[in-house]
Amino acid sequence: MTPTDPKADLRLYLQSARDALLWKLEGLSEYDVRRPATPTGTNLLGLVKHAATVELGYLGDTFGRPSGEPLPWLADGAEPNADMWVTADESRAYVVELYHRAWAHADATIDALALDTVGRVPWWDEGKDEVTLHHAVTRVIADTHRHAGHADIVRELTDGAVGMREDNAGVPAADTAWWEAYRDRVEHAAREAGHCGTPGRAR
């Protein structure tokens, strides 16, 4: 097997998650990128705002590299979850540009420091706040992919669009009739299992 650069591997998977998350905004109205799609308010542009905030924290402040970006939703007295939704006066362009600046700042941290560099997470408990850069990058990758998955579902519920990215849907290429039949089979199996007795056990 050809050896790879660990930093290059981390950057590859981080960037793929970033790109997937932003792609979910394309082609949607201002309302649709902002509207809450779940009872807990999950929304597409809010996911991007949150992802930008996470990168600036874990891959900036944690390693003594503050970005200087004003983040009022993290200020003392800010309401809970303020980084997870977008106010009417915060434009889509502002949030997307903030995310791009967060990428650049995070990437510069990854380039500048060794993966075993130790930082301190400002919002963690003292004495339990040390992390390596490797840990922090891995954490950000996991968080971003998780939220890209949330965005997948929100976008599908919004207009039916699915896929990992424009050139790789990640789902079978099939027409509407096939998908309706497929969903019906899944529904039938679920109902059948629901009448089998003990959940999770085959008959």
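Report, by residue number, each residue of the range 107-141 that is under 18 Å from Asp9 (Cα atoms) and open to solvent by 60 Å² or more (accessible area, probe 1.4 Å). Spell out the reasoning first.
Going through the range 107-141, the residues under 18 Å from Asp9 (Cα atoms) turn out to be 107-117, 132-141.
Asp111, Ala112, Asp116, His134, His135, Thr138, Arg139 - these are the residues of the range 107-141 that are under 18 Å from Asp9 (Cα atoms) and open to solvent by 60 Å² or more (accessible area, probe 1.4 Å).
Does the range 101-122 hold any residues that are among the β-branched types (Val, Ile, Thr) and part of a helix (DSSP H, G or I), and which are they? Walk me through how you get there before you give the answer.
Taking the range 101-122 as the starting set, the residues that turn out to be among the β-branched types (Val, Ile, Thr) are 109-110, 117-118, 121.
Correct list: Thr109, Ile110.
Restricting to the range 74-106, count the residues that are farther than 20 Å from Leu28 by Cβ and in contact (Cβ under 8 Å) with a residue 24 or more places away in the chain. Give the steps one after another, and end with the answer.
Our first condition is that a residue be farther than 20 Å from Leu28 by Cβ; within the range 74-106, this holds for 74-83, 101-106.
Going one step further and asking which of them are in contact (Cβ under 8 Å) with a residue 24 or more places away in the chain, we end up with 81, 83, 101-103, 105-106.
So the answer is 7.
Output the number of residues of the range 1-55 satisfying the condition of being within 18 Å of Ile141 (Cα to Cα), out of contact with any Asp or Glu (no Cβ under 9 Å at 6 or more places or on another chain) and of a type in the set (A, V, I, L, M).
7
Output yes when any residue across the range 174-192 is at pLDDT below 95 and in a loop (DSSP other than H, G, I, E, B), and no when none is. It would help to see each step written out before you state the result.
Going residue by residue through the range 174-192, those that are at pLDDT below 95 are 174-192.
Adding the requirement that they be in a loop (DSSP other than H, G, I, E, B) leaves 174-175.
Among the residues of the range 174-192, at least one is at pLDDT below 95 and in a loop (DSSP other than H, G, I, E, B), which makes the answer yes.
Can you spot a residue in the range 144-162 that is open to solvent by less than 70 Å² (accessible area, probe 1.4 Å), in contact (Cβ under 8 Å) with a residue 12 or more places away in the chain and assigned to a loop (DSSP other than H, G, I, E, B)? Walk me through it before giving the result.
Within the range 144-162, the first condition is being open to solvent by less than 70 Å² (accessible area, probe 1.4 Å), and the residues that meet it are 144, 147-152, 154-155, 158, 160-162.
Those still in the list that are in contact (Cβ under 8 Å) with a residue 12 or more places away in the chain too: 144, 147-148, 150-152, 154-155, 158, 161.
Narrowing the set further to residues that are assigned to a loop (DSSP other than H, G, I, E, B) leaves 161.
For the range 144-162, residues open to solvent by less than 70 Å² (accessible area, probe 1.4 Å), in contact (Cβ under 8 Å) with a residue 12 or more places away in the chain and assigned to a loop (DSSP other than H, G, I, E, B): present.
Of all helices (runs of 4 or more DSSP H) completely enclosed by the range 1-69, which ones contain at least 1 residues that are in contact with a Lys or Arg (Cβ under 6 Å, 6 or more places away or on another chain) and touching a residue at least 60 places away in the same chain (Cβ under 8 Å)? First the steps, then the outcome.
On the way: elements: 6-23, 30-34, 44-58.
So the answer is 6-23, 44-58.
Per-residue answers, yes or no, for (1) in contact with a Pro (Cβ under 6 Å, 6 or more places away or on another chain); (2) modelled with pLDDT of 95 or more; (3) surrounded by fewer than 18 Cβ atoms within 10 Å (Cβ to Cβ):
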residue: Ala51; (1), (2), (3): no, yes, no
residue: Gly57; (1), (2), (3): no, yes, no
residue: Gly77; (1), (2), (3): no, no, yes
residue: Pro80; (1), (2), (3): no, no, yes
residue: Glu90; (1), (2), (3): no, yes, yes
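The values are calculated or read from the model by the stated rules, or taken from the named source; none is laboratory data. All values derive from a computational prediction rather than experimental measurement. For neighbour counting, all protein chains shown are included, and Cβ atoms are generated from backbone atoms with ideal geometry for every residue, glycine included. Protein only, heavy atoms only, side chains kept; ligands, DNA and RNA dropped before computing areas. Shrake-Rupley method; radii C 1.70, N 1.55, O 1.52, S 1.80 Å.
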